[in-house]
Every structure is written in structure tokens, then in C-alpha cells.
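The values are calculated or read from the model by the stated rules, or taken from the named source; none is laboratory data. Since the model is a prediction, treat every value here as computed from it, not as a measurement. Every residue, glycine as well, gets a Cβ built from its backbone with ideal geometry; the counts of neighbours run over all protein chains shown. Only protein heavy atoms, including side chains, enter the accessible area calculation; ligands, DNA and RNA are left aside. Shrake-Rupley method; radii C 1.70, N 1.55, O 1.52, S 1.80 Å.
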Amino acid sequence: MFYGNIYATKSEARVLTRQQTRRPAPDPNRRPRRDPLLKVLRGKQPANLEEVAKPVDRGSTAAVRRGGPSGWLQLLGPGLITGASDDDPSGIGTYSQIGSQFGYGLLWTALFTFPLMAAVQELCARIALETGVGLGVALRRKFPTALVGLCIFALMAANTINVGADLGAIGAGGELLSRGLLKHQWLVLPAALLVVGLQFRLPYGTIFRVFKWLTLALFAYVVTAFIVHPDLRAVVAATFVPHLEFKREFITALVAVLGTTISPYLFFWQASSEVDEMRAAGLLKEQQRRGVSLQELHAARADILVGMFFSNLVMYFIILVAGAVLHAHGKTDIQTADQAAAALAPIAGPFGFVLFAVGLIGTGLLAIPILSGSAAYALKEFFRLPGNLAAKPQYRPTFYAIMAAAVVIGGALNFVGIDPIRALFITAVINGLVAPPLLVLIVLLGSDRRVMKDKVSGPLSKGLTWAATALMTIAALALLVTTLLAH
């Protein structure tokens, strides 16, 4: 990306690299595995793998250069999208509540979690690039099926709840923009239909371009930080000096931060996106995708570092804005989108109010397809089903049905009386509890030389990923202990 073959995009470079290894070209006449729903729906079985794929519309490097700064955005791939989706409405709601409750007290977590988050995502990408398969397949090949299945079931539950919370947040953003004329429940169904329609109808390359442009909505929080004029001395101190409290509220907030930044759904999305990029480059067989060159690995790492830095930068500014605008003015118990926006308006002005609403909508539209897609990838990989975002829905209905089901069930959760902002915080805590067991399996997989060959995790990767695992485990256990003691 930033180094390596500067005359090719990452997908083009991947094809060139694979060709240099003299592996056999993909056989377009190979008949793909049958989707189980095709028989039920009496659909047509595709004749070959090329027929299954959606059209890929990525553009050349020359076109990227002609596009100027906006064109170079095309060079960033799964890492940027993964990082941006991490600052979804769940993250926004969590960071806003934390900033309002603790002020600048948890600003240090943005700096602290960056290397941990980047190391975990790099490991997930490296596993996919080396093995040529998604994380669900790789985990099942190494660990007992029941153990992996339990983790994936927990992931599915967390993702579905998260989808519901994000749909509610989109509705809340619409309600704020309409000044209450439209209730957030009214907007849940249109938002769900829009998301499902994008996933079903748009070409693979277009989907990812839409995702990348939606990441720009997150700059709203960076802009707002310069409007509210925070206390710079207090901000610098809180950034570099960790603040800890052994109280249930503080530990819950810490678990929520960790669950939002190091989210289980990101593990599967990162790995599956790397596999999809290889498929889009023409490497349709698993055998062709196995083995990653240093050039590919460097490109993936650069992409991930940019994405994770962007994610943590936005996280930092959301906590900063909430601390400066809400906590500093006595608004320490923000439970709804209305409360957050109403508290912002008098201090940050209507501009800050609009940015908050637009941020909820833009990031929700970015995160929901990734949440539902991550669930679909995990489930189909576990059951060894065919399907991915690059496949046409009529040939891979099971994969798309899983995504649609996650959105429908998640949307239905909005009608049980839980406020969207509160639900966002709850999902962050759930993610924080689900992540530790999954991380243990992923780190062990990345350290297995039989699977990873010479791309096995080195000392730095092992140190950071085990540190992330230990930290999330300790935080989750501390939350359980303090909760029990409180009762």
C-alpha cells in the first residue's frame, strides 16, 4: 500500500505476487458447492465459480491517482473499514456515556488500546492471508467443534443485539434531525431495508467504496472538539496518566471500552475481508490463496495500522467532547440520544447537535452491514457453507439469509422498550465478555507453526495479543466480581 509495488493496487499486487509463485490459475469451469437453500427455493445451480461472483468494480491505480486525495482512499481496504466500523453507534454511545460520567478520566484508554487492537487485527488478517480461509474455518480445523461453536453462538447473539442497537441509533439520529417529528421506532424498518438492499443489490467493489466514504462521518467528532475549547492541561494529563478506580461503575465502563475497541465481530470481519479481496483478485480456490508474501503482509499491516489509528483517534475525540461538553457542565448521566444532543446544543451550538445526529446515522449505516456480514461469515465458515459478499444472492441465498435474519431480529429488539443509547452501552459490555475466550483461541492459532508456517506470530505479536487477552479477561472477571459484591 505505502510500500511494495507502487504501480498496482493491493488486489492487483496480490495477483502479480501469486502468479510469480507459479501456482495453477483458477479453473472457471469448476462447479461450486451447492447452497443448501437453493434446493428449497428451487434455484438454479451455477455452472462455474465465475458465474457466482458479483461484478468487481475497483478502478485502476492510475484512476486512483487522478482522483487526488479522495482517490487515494481507494487504496485503503479492510483495515480502514474495520477500524471505522469499530466507532459505530455502540462506540459513540459508549464513549459519550463514559465521557459524561467520568470526564477525561478514560482518555488514556484510546492511547493504551491502540497497539493491542492493531496487534489483534493484524493477527486475524495474517491468519486469513496465510491459510486462505476465514477465521471460522481456521479455528474449527484446530479446536474442538463444540468449543468453537459455543464462541460463534455467543458472537451471533452479541452481533444481533448490536445490530438492533445500531438500528435504534440510526432512528434516534433521524428523530433528532427531525426535531421529534419522526419517532426513532418509525425509522428502524426503513434503515433495515436500506442496509439489506445495499448488501443484496450492490456490486462487491461498490459496497466497499460506500463503506469507505461513510467513514468520513466520523470526522464530525474531531471537528466538534475544536468548537468546545476543552481544558488543554487537563486533557494532556488524562491522556498520558492512567486513572483507575475499583468501583463497579468504573470497571463496567472499562469493560465497555475494551468491548467496543476490541470487538469479536471485527476479528471475523477482518479475516473474511482479506479472503474476499483475494477472491476478487481471481484467487477462487483455497489452495491458490494459501501462503502470504512479505509484500502482501506489509500492505495488510499498513492498512490495519491506518484503520486502527483512525478508530482510536475518533474514540479519543468522542470521549474528549463528551467530557468537555457534558461532564464539565454537570451532565453526568446521559442515558438517551435526546439527552446527549440537548446537552450538546447550548454549548457546541446547533452545529454540534447536527454532527451528533449525522454521526449516529452515518456510522450506523457503516457498522450494521459489517455486523450482520461478520455473523454470516462466522456461521457459514463454521458449518462449511458457501457464500460471501462477492457472491450473487441468487446463488448463495443461505449466506444472505443469515445477514437478513440478523438485521430483522436486531430490528425487532427496538420494540421492547429499551432506549437506543442504553442498548448501545449494554452491547459494548456483552462484547467485552465474549471477546476473551475467542482471543485465546485466535492467539493459540496464530502461534501454531503447523498452521502458520513461517508466518507464525513473533515475540511482539504474541506479547501484545496475549496482553489484550489478559486485560480483557481480568476486566471481565472484575466486572463479574464487583457485580456480585454489589448484590
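Some points to look at:
- Of all residues in the range 275-286, those satisfying the criterion of being modelled with pLDDT under 85 and assigned to a helix (DSSP H, G or I) are 276, 277, 278, 279, 280, 286.
- Filtered residue count, the range 397-417, keeping only those that are farther than 22 Å from residue 185 by Cβ and among the polar types (S, T, N, Q): 1
- The helices (runs of 4 or more DSSP H) found wholly in the range 98-194 and carrying at least 1 residues that are open to solvent by less than 10 Å² (accessible area, probe 1.4 Å) and polar (S, T, N, Q) occupy 108-131, 145-177.
- Scope the range 281-311; condition buried (at least 23 other Cβ atoms within 10 Å of the Cβ) and farther than 23 Å from residue 138 by Cβ; matching residues: 311
- Residues of the range 446-487 classified as more than 26 Å from residue 254 (Cβ to Cβ) and loosely packed, with under 13 Cβ neighbours inside 10 Å, total: 5
- Restricting the range 451-473 to residues that are among the hydrophobic types (A, V, I, L, M, F, W, C), assigned to a helix (DSSP H, G or I) and over 23 Å from the mean Cα position of the chain (by Cα), the residue that is farthest from residue 109 (Cα to Cα): 451
- Sole residue being over 25 Å from residue 391 (Cα atoms) and not hydroxyl-bearing (Ser, Thr, Tyr), chosen from 170, 152, 127: 170
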